[in-house]
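The values are calculated or read from the model by the stated rules, or taken from the named source; none is laboratory data. None of the values given here were measured: they were computed from a predicted structure. No Cβ is skipped: glycine too gets one built from the backbone with ideal geometry, and neighbour counts run over all protein chains shown.
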Amino acid sequence: MRHLNWGIIGAARIAKSFVKGLQTIDSATALAVGSRSLEKARGFAAENKIERAYGSYEEVLRDKEVNAVYIGLPNSMHAEWSIKAANAGKHILCEKPAVSNAAEMERVLKAVKKNDVFFIEAFMYRCHPQWQQVRQIIDSGVIGDVRVLHAAFAFNMGDKTEDVRLSNPLAGGGLMDVGCYCVSFCRLIAQEEPLECSATAVIGPRSRVDELGSAVLKFPSGIVASCIFGIECHVPIAAQIYGSKGHIIVTTPWFPSDDNATIIVTAEGKTETFSIKTGRNLYASEALTVAEYVDKRQAPAMSWDDSLGQARTLDALRTSMGLHWDFEKKSKRGKGQ
């Protein structure tokens, strides 16, 4: 497994969590961090024992000893800096959602292929082995044919008007922040792209993003799925798979750890519980996935086609709920002039 020197683009809280996980494995070094503020970068570097601090993202990309970058910026900036990182020859782990829309994903993948670099969208939950166990259970036929999926991920962040998640220009909202997990789960289990997508949401008058909503997906195989998501409501987390003979409940789908990664299978009047332990931090598993597959340029946990399908599904759901980004409207006006 190749050792990677990581550059951190953005000094947000999520980046700190990734670095903490990164520092628990031998195949990685958190070498540099870049922020728009040199003072903030230095503070982040000192707190997290990172050798180099830069007052711009560009400087991280110019550092010749940085092999890979973690991009933890607001959603609207993901595509821009993924493309810049690819052009700089850096391998890329981009925080989810990797792009604001499918057109951006197509541009990112074009740059990734042109520059022959690794790229993965950071759905870290996919790097936990509990999902391999779920697939084995489904493939065993114990719950019969999968018929219905249900996923929920919502929390109440309160009136944080300055938060990037409550910003239309930054491509925020519940679907992009947490609903994307639900959509990703449904696509993962169905193993195909939905034929039909519909969603409804409450669009905040001030934020102009979806603050809570629900979605329904129908897949070619006949599987139907429902999703509940939001950033201004509390809903218990759920990831449930219903088959013709039984069902599976994944108790902690999005942030599994050694203490809570439990799968409950009920079929033919019997219930069996599986506990999956890895002995490591979930962010560490994500970094190890990059190190393991970097030479192949993409990882099975979240392939390039998977990310493109994810982006297209999110686009369809946003269109259904009537949510568009300000920069998308400007782009359309520009084409019509």
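With respect to the stated conditions, Gly89 is part of a loop (DSSP other than H, G, I, E, B), loosely packed, with under 15 Cβ neighbours inside 10 Å and modelled with pLDDT of 95 or more. For the range 24-68, taking the residues that are among the acidic types (Asp, Glu), out of contact with any strand residue (DSSP E or B) (no Cβ under 7 Å at 6 or more places or on another chain) and part of a helix (DSSP H, G or I), the one that is surrounded by the most Cβ atoms within 10 Å (Cβ to Cβ) is identified as Glu58.
Condition test on Arg280, is it touching a residue at least 40 places away in the same chain (Cβ under 8 Å) and over 30 Å from Arg2 (Cβ atoms)?
Answer is no for this residue.
There is no residue in the range 43-58 that is within 22 Å of the chain's Cα centre (by Cα) and hydrophobic (A, V, I, L, M, F, W, C).
So which residues in the range 249-283 are touching a strand residue (DSSP E or B) at 6+ places or on another chain (Cβ under 8 Å) and either farther than 23 Å from Ala154 by Cβ or modelled with pLDDT under 90 (or both), if there are any at all? Once the filter is applied, which keeps residues that are touching a strand residue (DSSP E or B) at 6+ places or on another chain (Cβ under 8 Å) and either farther than 23 Å from Ala154 by Cβ or modelled with pLDDT under 90 (or both), the range 249-283 yields Val265, Thr266, Ala267, Glu268, Thr271, Glu272, Thr273, Phe274, Ser275, Ile276. In the set Gly246, Gly269, Gly213, only one residue is more than 30 Å from Val66 (Cβ to Cβ) and surrounded by 21 or more Cβ atoms within 10 Å (Cβ to Cβ); that residue is Gly213. Inside the range 284-302, residues that are of a type in the set (Ser, Thr, Tyr) and either under 19 Å from Val19 (Cβ atoms) or at pLDDT below 95 (or both) make up a count of 2.
Taking the options Arg165, Arg208, name whichever one is among the basic types (Lys, Arg), assigned by TED's automatic domain parsing to the domain that holds Leu317 and under 18 Å from the mean Cα position of the chain (by Cα).
Of Arg165, Arg208, the one residue that is among the basic types (Lys, Arg), assigned by TED's automatic domain parsing to the domain that holds Leu317 and under 18 Å from the mean Cα position of the chain (by Cα) is Arg165.
Picking from Gly141, Gly158, Gly173, which residue would you name as being small (Gly, Ala, Ser), surrounded by fewer than 23 Cβ atoms within 10 Å (Cβ to Cβ) and modelled with pLDDT of 95 or more?
On the way: Gly158 fails: modelled with pLDDT of 95 or more; Gly173 fails: surrounded by fewer than 23 Cβ atoms within 10 Å (Cβ to Cβ).
Just one listed residue meets the conditions, Gly141.
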